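The values are calculated or read from the model by the stated rules, or taken from the named source; none is laboratory data. This structure is a prediction, so every number in the text was calculated from the model and none was measured. Neighbour counts are summed over all protein chains in view; Cβ atoms, including those assigned to glycine, are modelled from backbone coordinates with ideal geometry. Each accessible area value is taken on the protein alone, full model and side chains, heavy atoms only, with ligands, DNA and RNA left out. Shrake-Rupley method; radii C 1.70, N 1.55, O 1.52, S 1.80 Å.
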Amino acid sequence: FEDFNRRFAFILHDVKNLVSQLSLLTRNAERHADHAGIRADMVATLKGSVGKMNDLLARLAPTPDQRPAKLEPSPIRALVASAYGAKRGDHEVMLLGDGSLWVLADPVGLEQAIGHLVQNAVDASRPHEPVSVRMGNQNGHVTISVADCGEGMDAEFVRTRLFQPFASTKKGGFGVGAFEAKSLVSAMGGRLTVESKPGEGSLFTIILPVPEAAPESKRKIA
């Protein structure tokens with residue numbers, strides 16, 4: 001029961017994010033169903049949501065599928081756009097930096113990690129305060145930084161509780177988003193860093209290696 005309860009808390013956190021995404025899709029359908037581009041986005045969102053729900057069902061099974069990270073050269077812009085796209089309808093999310101970069105990562109895991117960090121940033125921000133997602137290249141590594149202007153966290157919380165499951169500064173928060181994001185990034189051989197001060201917001205940065213080789217026609221790393 002203890003194992004199931006722990007697993008269910010993580011599932012509940014992910015279900016909450018899926019409900020938020022599908023709720024936004026429903027509102028867009030009511031307002032823009034006659035727009036061909038919007039319809040295409042809706043179909044893509046639904047397909048992605050079905051895949052994530054199937055993954056959740058597998059994780060709830062008595063012997064959950066612990067899918068290992070499958071590292072491959074991946075174009076960063078598509079992963080970032082997919083992860084943050086579900087949030088921009090309700091809250092301004094700015095996509096910044098070099099979208100032509102490629103990263104060596106597990107595409108599914110990286111999208112989930114970015115999605116957790118963006119959701120946390122949105123939750124921490126007031127409605128008029130935008131969240132930014134910046135892509136960059138630093139010392140041979142790809143960086144994906146998610147910044148908010150929320151209340152921030154003190155050094156003690158960051159050091160002892162931030163990356164522990166079920167610890168949260170948000171009212172009603174599950175406290176598993178940062179933990180899952182760090183676990184996913186670590187499984188890919190990367191790092192997740194954080195800079196935060198009370199009253200000054202937070203900056204989370206995913207650091208992952210650049211692939212040794214990517215399709216020459218597509219690889220555009222500065």
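Below is a table of values for the structure above.
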quantity	calculated
Any chance R31 is open to solvent by 40 Å² or more (accessible area, probe 1.4 Å), over 20 Å from L79 (Cα atoms) and either among the hydrophobic types (A, V, I, L, M, F, W, C) or without any contact (Cβ under 8 Å) to a residue 12 or more places away in the chain (or both)	yes
Top-ranked residue in segment 172-194 [being among the aliphatic types (A, V, I, L, M) and open to solvent by less than 60 Å² (accessible area, probe 1.4 Å); ranked as modelled with the lowest pLDDT]	V176
Residue that is least open to solvent (accessible area, probe 1.4 Å), among those in segment 50-80 that are at pLDDT 70 or above, basic (K, R) and not in a loop (DSSP other than H, G, I, E, B)	K52
Of all residues making up segment 87-120, the number that are of a type in the set (A, V, I, L, M, F, W, C) and closer than 17 Å to D14 by Cβ	6
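Yes/no per residue for (1) open to solvent by 20 Å² or more (accessible area, probe 1.4 Å); (2) free of Cβ contacts under 8 Å to residues at least 12 places away in the same chain; (3) not aliphatic (A, V, I, L, M):
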position: S82; (1), (2), (3): yes, no, yes
position: V93; (1), (2), (3): no, no, no
position: L104; (1), (2), (3): yes, no, no
position: A113; (1), (2), (3): no, no, no
position: D123; (1), (2), (3): yes, no, yes
position: R126; (1), (2), (3): yes, no, yes
position: H141; (1), (2), (3): yes, no, yes
